[in-house]
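Where a number appears in this text, it was derived from the coordinates with a stated rule and is not lab data. All values derive from a computational prediction rather than experimental measurement. A quick note on method: Cβ atoms are made from the backbone with ideal geometry, for glycine too, and the neighbour counts reach across all protein chains shown.
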Amino acid sequence: MPYYFVLGISGYRFRIITSFRNIFFECRIKACPCKIWISHPVVNYYICSGNHIHFTEMEKKVRVRFAPSPTGPLHMGGVRTALFNYLFARKHGGDFLLRIEDTDQNRYVPGAEEYIIESLKWCGLVPDEGVGFGGPFGPYRQSERKAIYRQYADQLIANGNAYYAFDSAEELDRLRREAEEKQQVFSYDQHTRLGLKNSLTLSSEEINRRIANGDPYVIRFKMPENTDVTETDLIRGSVTFNTAQLDDKVLFKSDGMPTYHLANVVDDHLMQITHVIRGEEWLSSMPLHILLYQALGWDETRPRFAHLPLILKPTGKGKLSKRDGDKMGFPVFPLLWTDPETGEVSRGYREDGYFPEAFINLLALLGWNAGNDQEFFSMDELIEHFSLDRVVKSGARFDPEKAKWFNRHYLQQKTAPELAVLFLPILNEKGILAPVEKVVRVVGLVKDRCEFVADLWGQSNYFFTAPESYDETTIRKKWKDDTSEKLQAIIEVFKSVSDWQAANIKERFSAFMNEKEWGFGVVMVPIRLALVGNSSGADLFDICELIGKDETIARIRKAIVAIRV
RNA sequence: GGCCCGUUCGUCUAGCGGUUAGGACGCCAGAUUUUCAUUCUGGUAGCAGGGGUUCGAUUCCCCUACGGGCUACCA
């Protein structure tokens, strides 16, 4: 059994917590210049130069969990929760576990669990324990832990912290509707429970009869009356709730499964979770969870809480939802997802061409910062700098533009050969077979204009196929009456270039232009138009070299014929 | 409706009683470029409002407004 000491020495007051299972020692007093260590089997302490005895705090090994419900694809907010848990665990040398919370059989979506695991892997957030990863605290799927929850519900009934409730869903619905008609809200709580059908109001004979009869019932938490529950949230600071405002939550459902609240508390305890890091939507249930730990006798070892701010829509009201992505053209899911029911497809960051490192980086900066101007972080840097007290309290609007900017950065970091490898399959798809050396050179020339690998095609297609049409605006502005004539002359110049390399072509071309005293712009834009189809693209002579002498001349000839003023 | 949380440029944020309120994305302008893009330089724009506390409030307290979350035998 865990135990603890409270010691007050030299102005410091430390709570020493330890269990025989997980102990590690960490000196928390950085300022002390002490060099002398005196070991002790349970408590570590040292004496500083001021002859004060300092006790070091001993803590349980950090263990955190990401506990999604497999009701659909993982939302990017969920990935961020997983990320912060992961970073916290790594930062403190602890464990990161994945627990699947599937206590609601009605909402189970096939494939969701696999999707969650694949998403975490793609992001590099690999759990130390959990569904799909094994570990000593399994099983990690709550549906497989069904048998262990009932005893804790019974324990709560036995010690007076819970009770049986026989009210049917229909009866409760009716009460809610009636209250609504009177502009009120029905709540199953300390104010109403004595007027309802439960083990607090029914005789023990009646209760036994109903249970023996197999009547459906739930087990509800008996919320204490009018007491303040105060907890220091690691992100938000002190938060107080009064139990008079809280309802008697169902802990155990009539189908024999626990609700989230019971299962969550029981599992966090059994799995020795030290820190619960989750979304702000759970803040309201924190007092219930704390009261549950207390009622189960686990208060001394219960985890600390940290509630993350939510990710909000880019515009408008509310938190980010699946629809926003469809409407505004960005993914809200890490991976592509096909709804098994409707067949509806939702785009994913991976399939949209985001690099996982960019995705992680942008997620990390949504609600957290290192306290300086650094914007780019590798996973290792995130682990090094991460701290819960630098997590922002307010919700963060997601900005798809900045997301792209992050990806651009990571794309620019990659070398041309690296990107060429990723580009090759796209070229293949387009039916283009090009030598790898050429693709590498092309990528090197156009990559700085790209945010995504997929942009490479749009920026470089003219290296592989001749333009089909010519930009009208450019024609109007730059294609003069004598342009054809001049291009004919240029063709002759190009023909005379023996060593077809960008530098040589440019040299011959420039010499010719100077000799004729033609303005560069007057000729170069039309050539570009002929080679590219519009007035954009890489350096003209690089294009010439890479598409080859014959192709260059052929394209110019084709343009002369096609474009008549 | 009730409870809880929040509020600094359009957006993400720094700030933890005295600052010319800093950075980033976006946007705009200039430079570079034979074009487009990149790049570089510069610019634009903010403490929700009202009361306190204080010599002094973006910063601390209260109220209001606004935003968010929860209010299921869902998580």
**Asked** Under a 5 Å amide H to amide H cut-off, with H placed in plane at 1.01 Å, what residues pair with A:Phe66 once short-range neighbours are removed?
**Response** A:Leu97, A:Leu98, A:Arg99
**Asked** How long, wide and thick is the stretch A:126-227, going by the Cα atoms along their three principal axes, in whole angstroms, largest first?
**Response** 51, 37, 31
**Fill in**
Expected vector for the stretch A:288-295, Karplus 3J(HN,Hα) from phi with 6.51, -1.76, 1.60 and θ = phi - 60°, integer Hz, x for Gly and Pro, equals 4, 5, 4, 5, 5, 4, 5, 5
**Fill in**
With the label point 7 Å along the Cα-to-beta-carbon line of A:Ser321 and a cut-off under 20 Å to each amide N, the hits in the stretch A:83-108 are A:107-108
**Asked** Over the Cα atoms of the stretch A:270-403, what Rg and Dmax result, in angstrom?
**Response** 17.8, 50
**Residue-wise HN-Hα coupling along the stretch A:62-70, computed from phi with Karplus coefficients 6.51, -1.76, 1.60 (Hz; x: Gly, Pro)** = 5, 9, 10, 9, 10, 10, x, 9, x
**Prompt:** Farthest toward the dipole's positive end in chain A, which of A:Ser394, A:Leu312, A:Val276, given Cβ charges of +1 (Lys, Arg) and -1 (Asp, Glu) about the Cα centre?
**Reply:** A:Ser394
**Asked** Can you list the residues, at least 5 places off or on another chain, whose amide H is less than 5 Å from the amide H of A:Cys450, using H built in the peptide plane?
**Response** none
**Complete:** Treating only Lys and Arg (+1) and Asp and Glu (-1) as charged, each at its beta carbon, one finds that chain A has a dipole about its Cα centre, in Debye to the nearest 20, of 760 debye
**Complete:** A correct Karplus calculation of ³J(HN,Hα) over the stretch A:463-478, with 6.51 cos²θ - 1.76 cosθ + 1.60, θ = phi - 60°, whole Hz and x for Gly and Pro, returns 6, 10, 9, 6, x, 8, 9, 10, 4, 4, 4, 5, 4, 4, 7, 10
**Item:** Listed peptides A:136-148, A:111-123 by packing density, highest first (mean Cβ within 10 Å)
**Value:** A:111-123, A:136-148
**Request:** With no solvent and one equal point scatterer per Cα, compute the Debye intensity ratio I(q)/I(0) for chain A at 0.06, 0.10, 0.11, 0.12 Å⁻¹ and report its log10, rounded to two decimals.
**Result:** -0.49, -0.95, -1.08, -1.21
**Asked** For chain A, what does -39500 (n - 2.57) per DSSP helix run (n ≥ 4), summed and divided by total residues, give at 222 nm, in deg cm²/dmol to the nearest 500?
**Response** -12000 deg cm²/dmol
**Request:** Just check the stretch A:443-523 against the gyration tensor rule for me: Cα atoms, a ≥ b ≥ c as the square roots of the eigenvalues, rounded for a/c under 1.5, and otherwise prolate or oblate depending on whether a/b exceeds b/c.
**Result:** oblate
**Asked** Once the Cα atoms of the stretch A:160-313 are picked out, what are the Rg and Dmax in Å?
**Response** 17.1, 55
**Request:** Order these peptides, A:251-262, A:71-82, A:433-444, by their mean beta-carbon neighbour count within 10 angstrom, highest first.
**Result:** A:71-82, A:251-262, A:433-444
**Asked** When you take every Cα atom in the stretch A:340-387, what is the radius of gyration, and what is Dmax, the widest Cα pair distance, in Å?
**Response** 14.6, 46
